[in-house]
Amino acid sequence: MPGSDDRTRAFVYDLTIAPLWCECFDRLLTETVSLPASGRILLVECGTGGLAIELAHRLRETGTVTASDSNPARLQIARDKCQVAQLDNLYLIESQELVDNFTEDGYDLVVGDASLLPTTALEPMLAMLRERVGEDGQAVVYVVSRGSFDEFFSVLWEALYECDLAETLATPLEALLHTYPTLSDLSDQAAAVGLRGIHITVGKEIFKFDSGQDFLDSPLIAGYWLDRWLAIVPPAHIETVKASLQAIIDRDCGAYPFEVSIKAALLVGRIEPPYLTDDEDEADEEAADDMTDDDDKINHDDERN
C-alpha cells in the first residue's frame, strides 16, 4: 500500500503535473491520431487517469479501456475517479498485471507516456506497446525530444562557470545536452522493436515561472527534472549551484517570467504486416531517411516562431 508521502506526491501530480504537463501531450494525441470509435484501448503510465476516463466515456457503449501506472498511489486516485464516474468499461491494473495482460488479437490503440521517465525506459516501453497492438491498431508514445529545456541548460552552463565547475563538468554537461532523443533516434528505436509506418509529430510547449526560486521549487522541475540535471554536479557543490541558478534567472529575467520550452513528441507506429511488399519496404526506408530532414525543418520552424 502507498504511504502518506506517496499519496501526497500523487495528489500533487494530479493537481499540478497532470494539467500542466500531461494535458499538452494528451491534446497532441487527440489532434493527431484518429481515435477508435469502438474496440479496445490500452494506456501505459496513465497517471491519475484523466485520459483513461475521457476515452472510457467515449467508448462507453462501444469498447473498453485498460490502463496501468507504475505508481500505486497515482493508480489509486485513478480508481477513485473511476468509481465516481461509474465507468464499467475502464479497467485499472497494476504494472505487474500489465506484464501478463495480453489480448489475443491485440489492442486497437495502445498509448504509452514516457515523457517523465528516464530516457532509458523508452525502448522497453516501445517493445511493450508493439507486443500489445493489434494488426490494424496503432501504437503511440509520448516523448520529450532533443531541444527541450535549452533555456535552462544555458543558465546551467553559466552557473557552472560562476562556480568554477564549467571546465571540470564540460564533458558531462555535453552528454546531458544529448540526453533527449532526436526524431531520427526515435524512429530508429521504434523500428528496432518492429514498428512500421512511423510518424512523429512535435509540438512546442512553454512553461513560465515567476522567479528563479519558483522555478527550482516547482513540482514539475523539483519533482521530476532537477535531480537528474544536477546529478553531474559533485554533491558538495549542489547548493552553491542552485543558488547561482536562482540568481542568474532573477538577474536575467527581471520583472518578466522565466520561460522554459520543451519539444513534446508524439510517435505513432503500427506493427509490421505479415507480408511487406517491395514498394512498402522501400517507402518505410525512405521515411526513416527523411527523419533527419524533419529534425532540421522543426528547428527552422522554431527559429521563425
- [ ] Mind putting together the pair-distance distribution for the chain? All Cα pairs, 20 Å bins, whole percent per bin, short to long.
- [x] 30, 55, 14, 0
- [ ] Starting from the Cα gyration tensor of region 80-121, multiply each eigenvalue by 5, take the square root, and state the resulting semi-axes largest first in whole Å.
- [x] 22, 17, 11
Open item on the list: Test of understanding: what is the full-extension gain from GLU158 to LEU35, defined as 0.36 nm times their sequence separation minus their Cα-Cα distance?
Closed with: 39.8 nm
TODO: Would you mind computing the Rg to Rh ratio of region 93-226 from its alpha-carbon coordinates, Kirkwood style for Rh?
DONE: 1.06
- [ ] Could you check how much of the accessible area of region 24-64 is carbon and sulfur, as a whole percent, using a 1.4 Å probe?
- [x] 44 percent
- [ ] With r as the distance between the Cβ atoms of ALA255 and THR120 and R0 = 45 Å, compute the FRET efficiency 1/(1 + (r/R0)^6) and round to 0.05.
- [x] 0.65
TODO: Express the Stokes-Einstein translational diffusion coefficient of region 152-277 in µm² s⁻¹, to the nearest whole number, given a Kirkwood radius over alpha-carbon pairs, 4 °C and a viscosity of 1.567 mPa s.
DONE: 77 µm²/s
- [ ] Express as a percent, rounded to the nearest 5, the fraction of DSSP beta bridges in the chain (both residues included) that run antiparallel.
- [x] 50 percent
Open item on the list: Place a point 7 Å from Cα of ARG228 in the direction of its Cβ. Which residues in region 139-159 have their backbone N less than 18 Å from it?
Closed with: 141-157
Task: Non-local Lys pairs in the chain, i.e. 8 or more apart or on different chains, that have alpha carbons under 20 Å apart - done: 5
Task: Where N is the number of residues in region 158-202, Cα Rg divided by 2.2 N^0.38 Å - done: 1.78
- [ ] Keeping the other protein chains in place, figure out the carbon and sulfur percent of the accessible area of region 77-169, with a 1.4 Å probe.
- [x] 46 percent
TODO: Please give the length that would be gained between LEU177 and LYS208 if that part of the chain were fully extended, namely 0.36 nm times their separation in residues minus their C-alpha to C-alpha distance (nm, one decimal).
DONE: 9.1 nm
TODO: Rank-order 245-255, 200-210, 34-44 by packing density, defined as the average count of other C-beta atoms within 10 Å over each peptide's residues, highest first.
DONE: 34-44, 200-210, 245-255
TODO: For region 123-191, count the residues as N, evaluate 2.2 N^0.38 Å, and divide the Cα radius of gyration by that value, please.
DONE: 1.57
TODO: May I ask you to give the average projected area over all directions of the convex hull of the Cα atoms of region 1-139, in nm² rounded to one decimal?
DONE: 8.3 nm²
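The values are calculated or read from the model by the stated rules, or taken from the named source; none is laboratory data. Because the structure is a prediction, the values reported are computed rather than measured. Cβ: placed from backbone, ideal geometry, glycine included. Neighbour counts: every protein chain shown. For the accessible areas, the whole protein counts, side chains as well, though only heavy atoms, and no ligand, DNA or RNA atoms are used. Shrake-Rupley method; radii C 1.70, N 1.55, O 1.52, S 1.80 Å.
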